[in-house]
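Here it is, the structure in full.
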Amino acid sequence: ASFNDRATQICKTLIFCNYLNLIPTPMQLNKTLFTLLFFLCLLNACKKDRIEGDNAVMLGTWHTTTTTLGCGIIVGIPTNPHLKLEIMESGRYKLYRDNDKIETGRTQIINGYVTFKSIKSESQLNDKVIRYFNADTLGIDLNSCKDDFAFRFIR
């Protein structure tokens, strides 16, 4: 077969495929690439770090004891009484007040601290870090000394 015959055959095949919508148009291709890029960004934005290793001691259920204001001024009665915090191995957390879920989110390791990232911008724990912990005590506050509440939890 000559070159012209092959070229004619290829053109007829392409026209037939285009007729059956088997070849995507540039607009369809852009839409597909945009959708793929959107989902990749969404997956990256939902990053959470698993709680493992030395940090595994913080897994489980915690209850508020005292609340601290600013740079260590202890408020004897919790300003948010009856808070219960559940930290899961998957890196997710849930915060309850009187058994009503008031917050949910994920944890990330930022600058060496387990940091809470809430779905809500106005939340109790968003951007706060676990400053110290042991088998029965958990301290959560901002990563700097500011006029904000910090929480102390026990098992």
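Of everything in the stretch 1-36, what is hydroxyl-bearing (S, T, Y) and modelled with pLDDT of 70 or more? Give them in sequence order.
Within the stretch 1-36, S2, T8, T32, T35 meet the criteria.
Related question: Restricting the search to the stretch 37-70, which residues are at pLDDT below 85, part of a loop (DSSP other than H, G, I, E, B) and under 15 Å from I140 (Cβ atoms)?
I51, G70
Which one is surrounded by the most Cβ atoms within 10 Å (Cβ to Cβ), of the residues in the stretch 109-136 that are closer than 16 Å to V57 by Cα and in contact (Cβ under 8 Å) with a residue 24 or more places away in the chain?
That would be V114.
The values are calculated or read from the model by the stated rules, or taken from the named source; none is laboratory data. Computed from a prediction, not measured in an experiment: that's the story for all the values here. Because the Cβ atoms are built from the backbone with ideal geometry, glycine has one as well, and the counts that use them run over all protein chains shown.
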